[in-house]
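Report on the structure given below.
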Amino acid sequence: MNAFLCSFLAFLALSTRVAATNYYFSSSLGRDSNTGTSPSSPWQTTDKFNSALSRMNSGDNVYFCQGDTWLYAHIAITQQSSGVTIDSYSCRQGQTAKPVISVAVQPAGSQWRRVGNTEILTATLDQVARDNGIQAVWVDNVRYVTARWPQLRNQANTLTIGQTTWGVEGEFFRSNRLEGATIYCNDLTQATDYWKGAQIFVRVLNYAYLQYNVIRSGPGFVTLHAAPGQAIGFYFAHTASVSSTNTQLKAKNGGEFTFDPSTGLLTLFPLTSTIASRILSGAQPVSVLYNNHPAAVVVNGGASMVTIRNLHIKWSPVGISTLTNGVVNINNNQVSHIAGFGIHNQRMGSITIVDNQVFDAESSCISSQSVTRVSRNTVRQCGLYAGLGAWQALNGVTCAGGECSYNNVQHVGYIGISPTARAFVYMNTVDWAMLTLNDGGGIYGYGAGMVGVSVYSNVVTNVVGNYASWVPWPIAPCFYLDTTNNVQMYNNTCTSAPSCVQMNYGQGHVIFSNVCNAPGMYINQANSASTFMGNLVATTGTNTNWQNSLHRVQAPNRNSYNEIMTTADNIYCIPQGADRNYLFQMVKSGLNVRYYAFNDWKNSVTPSAPAWERGTSVYTSCRGLRASFVGNEISTLPYDMRRNESTNKLAIAVAVPVSVVVAALLTVIAVVAYRSFRSRQQTGELPTDAKDEIELPQSSPTSSSVSSFSLMASPSHSVIQV
């Protein structure tokens, strides 16, 4: 009976596969009057796709023609179309570009008019634009911004706008004080209600900014429609209701636009005269995104077993949005030039996001709210525009549980990777994070719900922390555990950051076998029952600033460091000329800072107290942890990765006292780095001619305790030679 049932089910499955239907779409070759079921008779529009979804069955395939573009298009997958796969096909010889699905409109060249003898152009848009307003404008993939005051200094390349915004005086007004909904600023000298009707973007915290409307203004103040709570600084942006006497908020600089919904007039100031001429001739497309438009691709509630792959989602408020608790696979897509989230999972579905390229999203490039697999994605230029996108969600990748691995994250306004509960975060690279905001990290976890997370074998480099001059310092470590519990963090590499690991509250963390070419540990407040063991920590500073400390503890409610954390078997490196008496610090309360030399730190303050640094912890001069990388995009890593074709040798040389513990630490680091290197070569993330050598150059061999370790590594074994 069981054998018969299995055979019957297999027959049904085979029948289902045989009965599957293929549907074809081509914007250039198709017609909605065609049959749509063969490459020679494709349908044309996404409206036809949406109307045909109700007749599609599980196992059906929908193919979009490679090289074609669908503008003002929207794909909505419903429960009735569960089990559908959306893919691409070749409809003409030699064309392999992914099909473009876009929500934007592109005014024809004949709609544009030049304003006098200037480079300023205008076009009158339709009633839909007048009713909804304009959200974003791109000119041949370059994001234009709403006219603003103060003006941005770098208008030559708008892709860099936001990377230095809050750190450059003159691009934002500084708030002198805040009273309710009124911001007082001595730099505002304009007449009464000059700013009335403008949008105002207020940086309310280190890590957030919000948008408000100005309802009243005068010399030295602006009053907003709601109280912001805090106000560090702000800038104004154009709206149609701005006073006609306001000359600042007009499109008069390259890369700016304004829109008047009462007339539908879009005013554009191209970056160059050549671009202006190309727009007028129709050779340079201008992509305009209206407000209140849906995502280009939406998987609605109830839909499941949906696959979306090999598409290019472009010029959209959100690229791909999932609103289902079902199963969705999002694979090998390109998502770019997005006004909000690139890929956004908003429900508790089982989502796989693998092998996608996501870039130029004004909010997070990838954000998932449920247990997922987020792997082998390349994301870059995420959340860089201050005042655009979501107010705080400016991350590279946000993954809620599950697997977050082998992602390459570059140029992010806020956090590189943000995991939540029971996530496994491994083999990722984060390069240039915290470019727009402050108080986050390259990899950052927040909240008591982030429990049981494992963070291992990641490389984080160039974490900035964008803070204005009136904020004391950048809070931007490579790894930041903020009020979290029971996180394991090991075999990671950090370089070029204000600090390596920061722990704020929380307990039960185990941090071991990490390499930090940045100032080391910063432990704040009531952390307890954690372990910091077997790490290599180097600082580049030579003064008494706490950010250059190898270890800093702020514990007003603790009598000693012992009550907070156990430290053991760490290697501490200092630069030449550093004052060794100022590299370990403990803050009891307020400004009561106690500085320690290494031996005092290691042995604690009083002889009766247990040692703070146990075991074989050493203190040496690891001179010049080398920071260079030869590859496609990442320019600074803490070691040189280049493939040696003949030997596949992985060599580490570091000056330390001879110690079995230290040798074991270096072995772990070497093997993990080697495996990461080989895996990234196999997945195409590194060039095949890369050289896999890692070196920590030796310090001056004057001490008899200095030894050199040379490691031969392969994917299966390693041998230590002392």
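The values are calculated or read from the model by the stated rules, or taken from the named source; none is laboratory data. Keep in mind the model is a prediction, meaning the values are calculated, not measured. Ideal geometry is used to build each Cβ from the backbone, glycine not excepted, and the neighbour counts take in all protein chains shown.
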Of the criteria (1) of a type in the set (A, V, I, L, M, F, W, C); (2) surrounded by fewer than 24 Cβ atoms within 10 Å (Cβ to Cβ); (3) over 30 Å from residue 233 (Cβ atoms); (4) touching a strand residue (DSSP E or B) at 6+ places or on another chain (Cβ under 6 Å), which one residue 359 fails:
(3)
Those residues of segment 211-227 that are among the small types (Gly, Ala, Ser) and either crowded, with 22+ Cβ neighbours inside 10 Å or part of a strand (DSSP E or B) (or both) come to a total of 2
Looking at (1) buried (at least 23 other Cβ atoms within 10 Å of the Cβ); (2) at pLDDT below 90, which is the one condition that is false for residue 235?
(1)
Which of (1) in contact (Cβ under 8 Å) with a residue 40 or more places away in the chain; (2) surrounded by fewer than 24 Cβ atoms within 10 Å (Cβ to Cβ) is the odd one out, the single condition residue 524 does not satisfy?
(1)
Residues in segment 315-330: is at least one in contact (Cβ under 8 Å) with a residue 40 or more places away in the chain, touching a Lys or Arg at 6+ places or on another chain (Cβ under 8 Å) and within 29 Å of residue 234 (Cα to Cα)?
no
Return the residue satisfying two criteria in turn: it lies in segment 432-451 and is of a type in the set (Phe, Trp, Tyr) and in contact with an Asp or Glu (Cβ under 9 Å, 6 or more places away or on another chain), and of such residues it is farthest from residue 363 (Cα to Cα).
446
I'd like the full set of residues that are of a type in the set (A, V, I, L, M) and at negative phi, limited to segment 391-430.
393, 394, 397, 400, 409, 412, 415, 417, 421, 423, 425, 430
Please go through segment 78-103 and give me each residue that is assigned to a loop (DSSP other than H, G, I, E, B) and among the small types (Gly, Ala, Ser), ordered by number.
82, 83, 90, 94, 97
Go through segment 112-136 and give me each residue that's β-branched (Val, Ile, Thr) and either at positive phi or loosely packed, with under 13 Cβ neighbours inside 10 Å (or both).
118
Mind listing just one residue for me: the one in segment 286-339 that is touching an Asp or Glu at 6+ places or on another chain (Cβ under 6 Å) and under 29 Å from residue 129 (Cα atoms) and, of those, surrounded by the most Cβ atoms within 10 Å (Cβ to Cβ)?
339
Only one of 255, 282 is more than 30 Å from residue 372 (Cα to Cα), in contact with a Phe, Trp or Tyr (Cβ under 8 Å, 6 or more places away or on another chain) and assigned by TED's automatic domain parsing to the domain that holds residue 209. Can you tell me which?
255
Across segment 25-59, the tally of residues that are in contact with a strand residue (DSSP E or B) (Cβ under 8 Å, 6 or more places away or on another chain), in a loop (DSSP other than H, G, I, E, B), surrounded by fewer than 19 Cβ atoms within 10 Å (Cβ to Cβ) and of a type outside the set (Gly, Ala, Ser) stands at 7
